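The block underneath contains the structure these notes are about, expressed in structure tokens.
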Amino acid sequence: SGEIGKFVFSAWASPEKNPWMVSVHKTVAKYVDMPPNEEDAPGPFRYADKDKLLKLLKEAGFTNCDTTQWQHKMILGSGFDSAGVADFALSSFSTFQEMLEEAGAGAYDRAKEDLISYFQDHEVDGIVKMDANVHIFKGTTS
């Protein structure tokens, strides 16, 4: 009907700019075999290359597409301490907790302890904050 709608959404930037997420993956990989990351496979960094997604949006007919960067310290796990963030992180990634539990031999507990130790380096006054970086996409539809 010719109406124009606006959209705004975000996607994670590169793994290097989101160390908290990478730390969880690396920790789990110490205890279980992780499948290789495929660039175009579904996952948190699928659109880390903002230009790739902008191209897809334009090809799909969206107009006035643009992106800006958001980079700040992010409070992890709604203000948890290191132990809370470790639990949050392991349960937030869809299969990590399950994979570690299936591995047995205390893999989950060891991974959690590793993460607690890692997150303690980023904890201030009982709250873990780490760098986060996302692309914020915006545009219009018609």
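The residue list ALA103, ALA83, ALA107, ALA60 contains one member that is surrounded by fewer than 18 Cβ atoms within 10 Å (Cβ to Cβ), farther than 30 Å from GLY5 by Cα, without any contact (Cβ under 8 Å) to a residue 40 or more places away in the chain and not acidic (Asp, Glu), which is ALA83.
Taken together, ILE75, ILE116 contain a single residue that is open to solvent by 40 Å² or more (accessible area, probe 1.4 Å), in contact (Cβ under 8 Å) with a residue 24 or more places away in the chain, under 17 Å from PRO19 (Cα atoms) and β-branched (Val, Ile, Thr), which is ILE75. The set of residues in segment 29-45 that are in contact (Cβ under 8 Å) with a residue 24 or more places away in the chain, of a type outside the set (Phe, Trp, Tyr) and either closer than 24 Å to LYS73 by Cβ or open to solvent by 80 Å² or more (accessible area, probe 1.4 Å) (or both) comprises LYS30, PRO44. Please find, within segment 1-28, the residue that is nearest to ILE116 (Cα to Cα) out of those that are surrounded by 13 or more Cβ atoms within 10 Å (Cβ to Cβ) and aliphatic (A, V, I, L, M). Per the criteria, the residue is VAL24. The criterion of being touching a residue at least 24 places away in the same chain (Cβ under 8 Å), surrounded by 17 or more Cβ atoms within 10 Å (Cβ to Cβ) and in contact with a Pro (Cβ under 8 Å, 6 or more places away or on another chain) holds for ALA48.
The values are calculated or read from the model by the stated rules, or taken from the named source; none is laboratory data. This one's a predicted model, so the numbers in the text were calculated from it and none came from an experiment. Please note: Cβ atoms are built from the backbone with ideal geometry, for glycine as well, and neighbour counts cover all protein chains shown. What goes into the accessible areas is simple: the full protein's heavy atoms, side chains included, and nothing from ligands, DNA or RNA. Shrake-Rupley method; radii C 1.70, N 1.55, O 1.52, S 1.80 Å.
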